Amino acid sequence: MDKVRNTLVALAGAAALALPAIGMAQMNGPDSSWYVGGSVGQSKFDVDCTGASTCDDSDTAFRVFGGYMFNKHFGAELGYADLGKLSLSGAVPPFGTVSANIKAKAWDLVAVGVLPIADKFSVYGKLGMYRADSDLSASALGVSASTSDSNTDLTYSLGAGYDFSKNLGIRGEWQRYSKVGSDNTGGDGDIDVYSRAVLWRFK
């Protein structure tokens, strides 16, 4: 499994680095454009809540992004996402009730592949890397403590888009941030984000 994941990491990194070079040859193409946008939705943390008295594994998430389409099929995108937080509590003898929150934020760089399926509709996929910061805060017996850590891994997504005009479009998207976190922040786990986005193309 580790070999497969390492291979995917290498491929994603190569794709993210290669796409700008490909685009340099098509900078003045009829379908090339810069774009910016923002999304809001819900994140879900993949966590085992067995034994917890309360466990809220979903939260509001948002992302801002910008990118460049080299042509109507291929592009690259940079984004910053607030992935929300995981909140849980439970009895941990001899400490009594322990409460904990884990917050996560991430930068991501992805290659974008688009398949137009009608005049204004399209489907797309993204594959790349993220760099996440995770913050763990916990309290028990009236004492609070916190720690933080960073990690890098794969992110990928599937979505569909609709264009109101050559400039304005919307997206519906699922994006996964794989294995966010570390042993220092309670372990790692996938975070899925389901979102709606608005984007503006500079054409």
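Each value in this text was obtained by applying a stated rule to the coordinates, not by laboratory testing. Every value quoted in this text rests on a predicted model; they were computed, and no experiment measured them. Here the Cβ positions follow ideal geometry from the backbone for every residue, glycine too, while neighbour counts run over all protein chains shown.
Bridge orientation summary for region 44-102: considering DSSP beta bridges with both residues in this region, about 100 percent are antiparallel. Just the Cα atoms of the chain, one point each, no solvent: what log10 I(q)/I(0) does Debye give at q = 0.09, 0.11, 0.17, 0.18 Å⁻¹? After summing over all Cα pairs, the log10 values are -0.40, -0.57, -1.10, -1.19. Using R0 = 41 Å, the C-beta based FRET efficiency linking residue 72 and residue 49 works out to 0.40. Taking every DSSP helix (H) stretch of at least 4 residues in the chain, weighting each as -39,500 (n - 2.57) and dividing the sum by the residue count yields a mean residue ellipticity at 222 nm of -4000 deg cm²/dmol. Ordering 144-157, 70-83 by mean Cβ neighbour count within 10 Å, with the highest value first, yields 70-83, 144-157.
Model label sites at residue 174 and residue 98, defined 7 Å from Cα along the beta-carbon direction, differ in position by 3.3 nm.
Sorted on the mean count of surrounding Cβ atoms within 10 Å across their residues, most packed first, peptides 39-46, 107-114 read 107-114, 39-46. Each residue of region 117-123 was assigned a 3J(HN,Hα) from its phi angle through the Karplus curve 6.51 cos²θ - 1.76 cosθ + 1.60 (θ = phi - 60°); the sequence is 10, 7, 4, 10, 9, 7, 10 Hz, with glycine and proline shown as x. Using R0 = 25 Å, the C-beta based FRET efficiency linking residue 56 and residue 150 works out to 0.60.
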